[in-house]
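Step one of this worksheet: look at the structure below.
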Amino acid sequence: MMEFTFFCCLITYGVRGSITENALQMKINNIKFFDSNTNQFLDRDSVEIALVNDAKANLASQGGYLIPALTDIHTHSDFYFDSDIANQFAKNMGVTSQVGGLCGFHSVFDENRVTRESFEEYASFLGTKGSIFNSYEQLFAQAQQADKQHLQLLGLNAYLFSYPVDDTTDLDDYVEQIAVLFEQFPFAGISVGLAYHPIKTLSDELIQALLRKLIARVPTAYNYHIRNQNAQVFESLEEVFACHRGLSAHCHISHLKFAGATHIGKVKERFADFQALMAAQDFTITWDVYPFSFACTTISAFLPESDSWSKMSEGEVVDFLLSAPPYDFENVIIACGNPAYNGFKLHEIAAKTNLSVENAYYKVVCELEGIGSYFRQFCTEEDLATLVFADDAIIASDSLGVENVHPRCTHTFTKALACAHQQGDAAFTMMVDKLVNGPKRVFPQLQTPNQYLYINFDDSVEVDLSSLDALIDKKISQFALVTLK
Ligand SMILES: [Zn+2]
């Protein structure tokens, strides 16, 4: 038997001030320690650790891995500062640093320009209303007080919601106002959601001109939710790349997907095309992916213009859906506050209501007034693996609010680690390298975390990217955020 010690004591440690916590200290023998200089695991005979306040105490005293705590570069965490549940979800995935303000949404509106009610409705799918602010001072004050490192992006869509543009707007003046705001607060970058309101209804010429001027004036890290990740994914990438050419700003593609019927079984080729396209550009490009083959987004996202769906007739909606059928549409699962629809697949709702799948979808969207979300398989597991295990992949969650909990909120990083471990030492080391170093390629200002993730796996449990949460949990035999003693 290996010798070990396990004892309980009262310690004081400093995280954002001096917090006194009851914590467990223990010694773990024969541990693999991730060395950030060589990006390899080193064998250590023993390491003394202290468990961070809420960690489980029934840890084994030997074996396992110690890796720097993780950073999630795609969250909407600025929309759930007041949610203990969301914060606990992040810790349960080993995350102690988050980047918020993605997909073009930040949680600040101008009460002199739009009502709180309208902004809450606009951003309701992202989190709790308690985290919506009417000043950036409040947002950054909350970010300071968060119990983890929080970097904040300026969301261009949310900015446009308060300060609309049209063809008569002086874009130079407009961009200068954004630049002043950007320089006034410690924003880590800018995010743009081309598929979301208000950008999706602006003309191509207007948004191209605005972006081009903004990128030239504020050369920071731009994080894009591109317009279309289905059949038009390459046109949508080109739309963004065209704004960056000849300029120095960093271009980051959020949650890259090759989604839908046109890409099924062909993602290896598509990804090779994407790599070649990136290599041909004269500016820096990075991208992230989440390890799930199903997505969750706003319920009206299947409509041609999701923010003006209510102006369309039922016939127009149905014709549109039939003309370009969404991949696996009948198996889309509705997530909403109405128990008649929540958790049901569209074909089940269609059968219950005696309607076609398309008409049933329209009925649900109308009854919910567009407020709800859906889950949908968008690619095969094999296609997904091409992206998740690619050398230059950055794993990020795109975690949303906690009203409709998505596995991305709870299992993004644990799934990536468990599936990589299943594939052997080399794959696991590479995944940890990506998790530790990937975020800094986009946000070099990220501070090195002072916490570590202690993790070990049950080799008798087999998992892959299609495994459900419960099996991933079973695979992970040890898990705690710790500090080194
Ligand atoms: Zn997002």
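No lab work stands behind these numbers, since they all come straight from the coordinates. Note that this is a predicted model, so its numbers are computed, not measured. Ideal geometry is used to build each Cβ from the backbone, glycine not excepted, and the neighbour counts take in all protein chains shown.
Taking every eigenvalue of the Cα gyration tensor of segment 231-339, multiplying by 5 and rooting it, what semi-axes result, largest first, whole Å? Working shown, then result.
Working: eigenvalues 186, 58, 42 Å².
Each semi-axis is √(5λ); the values are 31, 17, 15 Å.
Quote to one decimal, in nm, the extra length available between Val461 and Asn30 on full extension: 0.36 nm per residue of separation minus the C-alpha distance between them. Write down the numbers at each step before the final one.
Working: separation 431, 0.36 × 431 = 155.16 nm, distance 2.17 nm.
Difference between extended and current length: 153.0 nm.
Here, P(r) means the percent of Cα pairs in each 5 Å bin from 0 to the largest distance; for segment 330-477 it is 2, 8, 14, 16, 15, 13, 11, 9, 7, 4, 1, 0. Just round it to a whole percent: the fraction of Cα-Cα distances in the chain exceeding 28 Å. Counting pairs separated by more than 28 Å, the tail of P(r) holds 54 percent.
Run through the DSSP bridge list for the chain and note the antiparallel percent, rounded to the nearest 5.
Values: 41 of 69 bridges.
DSSP beta bridges in the chain are roughly 60 percent antiparallel.
Stretch Ser313-Asp167 to full length: gain in nm at 0.36 nm per residue minus the Cα-Cα span?
Working: separation 146, 0.36 × 146 = 52.56 nm, distance 2.80 nm.
Taking Ser313 through Asp167 to full extension adds about 49.8 nm, to one decimal.
Cross-link list Lys148/Lys485; Lys200/Lys440; Lys200/Lys415: which exceed 27 angstrom alpha carbon to alpha carbon? From Lys148/Lys485; Lys200/Lys440; Lys200/Lys415, over 27 Å: Lys200/Lys440; Lys200/Lys415. Quick one: net charge of Phe271's neighbours, Cβ under 13 Å, K/R +1, D/E -1? That sum, taken over residues with Cβ under 13 Å, equals -2.
For Asp82 and Arg44, what is the calculated FRET efficiency with R₀ set at 45 Å and r taken between the beta-carbons, to the nearest 0.05? Intermediate results must be reported in sequence, preceding the final value.
Numbers: r = 39 Å, r/R0 = 0.88.
According to the calculation, E is roughly 0.70.
Kirkwood radius for segment 50-116, taken over all pairs of different Cα atoms as the inverse mean of 1/r, rounds to 14.6 Å.
For Ala242 and Gln184, what does the FRET efficiency come to when R0 = 22 Å and r is the distance between their Cβ atoms, rounded to the nearest 0.05? All intermediate terms of the calculation are to be shown ahead of the outcome.
Values: r = 29 Å, r/R0 = 1.33.
Plugging the Cβ-Cβ distance into 1/(1 + (r/R0)^6) gives 0.15.
The helix-only estimate of mean residue ellipticity at 222 nm for the chain, built from DSSP H runs of length n ≥ 4 each weighted as -39500 (n - 2.57), is -10500 deg cm²/dmol after division by the residue total. Centre-to-centre, using Cα atoms only, segment 159-229 and segment 237-256 are separated by 13 Å.
Measuring between their Cα centroids, segment 281-357 and segment 367-433 lie 20 Å from each other. Only Lys, Arg, Asp and Glu carry charge here, each on its Cβ (+1 for the first two, -1 for the last two); on that basis segment 297-377 has a dipole of about 240 debye about its Cα centre.
Starting from the Cα gyration tensor of segment 297-377, multiply each eigenvalue by 5, take the square root, and state the resulting semi-axes largest first in whole Å. Walk me through the numbers before you get to the answer.
Details: eigenvalues 56, 39, 30 Å².
After scaling each eigenvalue by five and taking roots: 17, 14, 12 Å.
Separation of segment 440-485 and segment 135-157, taken as the distance between their Cα centroids, equals 26 angstrom. Of all lysines in the structure, the ones whose alpha carbon falls short of 20 Å from that of Lys266, not counting any fewer than 8 places away in one chain, are Lys257.
Computed from the Cβ-Cβ distance with R0 of 60 Å, the FRET efficiency linking Lys485 to Ser135 stands at 0.90.
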